[in-house]
Amino acid sequence: MTEGRHLAETIDRGDLDELTRLIDRYCDARWWDDLMELISRCHGATARGRQLWPAAAYGEYRIALDAPGPWAASVLVEGSGRFSRGPLTEVAAARHSFGDLAVRLRPGPSTSLVAHERVIRGEDLAGDQLATAGGAVLELPFTLQAWEPTYPVATYEADRAAFPAPPAPLLHRVRLPTAPPIVADQEVVSALRDVVAGWTVDSNGRAEAVAVAGPAAAAVAALGPPAARMAVLDPAAALAWLAWAGASGGAHGRRRGMATGRFAAWWALAALAGRLDDWPCPPDQLGAAAAGLRWYAWDAAEPATGWSLHLAVEDPACGISWALAASDSALA
């Protein structure tokens, strides 16, 4: 039986298992034309009411991951990767340089996002005209700043993906003060909660954030835990945690990618520094603001399960502190 006839009969049967085996075989043989034909036929069958979208999604994922740059770039279009393990811009950036992809890219949101993903992985694209043509998508610099962390990037394989968290600090029990009155600071509270919107909007997660007049421990106390442990974080580590959470979809939400996570961290930092009206902020000024804040990790002295982000931030210059408690679980 010819390859084309076998593919046609497999699609007619709606045999997802065989389609998956074909995708793997085409990738092993590097038959990218055949794989693109399979994807196209699966999309066509899906439009006619056949439930073959999982095969199309898996095929696009494998193209973005394993095919040469020009092929990988061809699937970085609006609407692709909706059901993949991660956004295809992040998948492609995990194994391809921006130059490898640029041959088939055009200015636009997907190109900007994949450029930012490559920046997170160490490429300096500040002078690249194609990368910066759609810069308004995230309004972040196309080079890492000296004060930024090494962001925890995703790794993708054919059958799995890993999204490592930053190193967890060693927490120590603290005596919580009496919680002071809450300060009305909706701008910062909203920015902190927005970091984990992927958990709270698209999944089962919960997030609370408060602002108080007092030290960081007082902000933690205002969230109501009966006990707490805390540890000092350097600003870069705090930004890494914010970016990790902002990139994640939690238990059930769609992963947003580390480029979006980096933006969430910068936006939260700008809010904490009172600089949202100046967005996009000059990077050196934002870095100075990060260094002027005191950052803490904390928990409620209980084992963490699922997805968790507990941060507290203190501004010694104005005596205001903020605390965030966010979590998500596949069992919720």
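The values are calculated or read from the model by the stated rules, or taken from the named source; none is laboratory data. Keep in mind the model is a prediction, meaning the values are calculated, not measured. Positions of Cβ are backbone-derived with ideal geometry, glycine not excepted, and every protein chain shown enters the neighbour counts.
The residues of the stretch 130-162 that are hydroxyl-bearing (Ser, Thr, Tyr) and either at pLDDT 95 or above or closer than 22 Å to Tyr61 by Cβ (or both), listed by number, are Thr143, Thr150, Tyr151, Thr155, Tyr156. Among the residues making up the stretch 241-254, those that are crowded, with 23+ Cβ neighbours inside 10 Å and at negative phi are Trp241, Leu242, Ala243, Trp244, Ala245, Gly246, Ala247, Ser248. Taken together, the criteria exclude Ala323 from residues that are outside any loop (DSSP other than H, G, I, E, B), at pLDDT 95 or above, out of contact with any strand residue (DSSP E or B) (no Cβ under 6 Å at 6 or more places or on another chain) and not charged (D, E, K, R). Picking from residues in the stretch 165-202 that are at pLDDT 95 or above and of a type in the set (Ser, Thr, Tyr), the one that is surrounded by the most Cβ atoms within 10 Å (Cβ to Cβ) is Thr200. Taking the stretch 179-196 as the range and being touching a helix residue (DSSP H, G or I) at 6+ places or on another chain (Cβ under 7 Å) and part of a loop (DSSP other than H, G, I, E, B) as the test, the residues that pass are Ala179, Pro180, Val196.
Every condition in (1) out of contact with any helix residue (DSSP H, G or I) (no Cβ under 8 Å at 6 or more places or on another chain); (2) modelled with pLDDT under 95; (3) in a helix (DSSP H, G or I) is met by Gly49 except one, and the failing one is (3).
Rundown of residues vs (1) under 20 Å from the mean Cα position of the chain (by Cα); (2) within 21 Å of Ala247 (Cα to Cα); (3) crowded, with 16+ Cβ neighbours inside 10 Å; (4) polar (S, T, N, Q), yes/no style:
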site	(1), (2), (3), (4)
Pro282	no, no, no, no
Glu314	no, no, yes, no
Gly319	no, no, no, no
Leu324	yes, yes, yes, no
Ala330	yes, yes, no, no
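Residue count for the stretch 23-49, restricted to those that are among the basic types (Lys, Arg) and under 17 Å from His6 (Cα atoms): 2.
For (1) in contact with a Ser or Thr (Cβ under 8 Å, 6 or more places away or on another chain); (2) charged (D, E, K, R), each residue gets a yes or a no:
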site: Asp159; (1), (2): no, yes
site: Phe163; (1), (2): yes, no
site: Asp202; (1), (2): no, yes
site: Ala237; (1), (2): no, no
site: Gly250; (1), (2): yes, no
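Is it fair to say Ile23 is surrounded by 18 or more Cβ atoms within 10 Å (Cβ to Cβ), modelled with pLDDT of 95 or more and over 23 Å from Arg106 (Cα atoms)? For Ile23, the condition - surrounded by 18 or more Cβ atoms within 10 Å (Cβ to Cβ), modelled with pLDDT of 95 or more and over 23 Å from Arg106 (Cα atoms) - is met.
Kindly establish whether Ala115 is over 30 Å from Ala251 (Cβ atoms), part of a helix (DSSP H, G or I) and assigned by TED's automatic domain parsing to the domain that holds Ala29. No, not satisfied. Being under 19 Å from Ala221 (Cβ atoms) and out of contact with any Lys or Arg (no Cβ under 7 Å at 6 or more places or on another chain) is the filter here, so list the residues in the stretch 294-312 that pass it. Passing the criteria: Arg294, Trp295, Tyr296, Ala297, Ala300, Glu302, Ser308, Leu309, His310, Leu311, Ala312.
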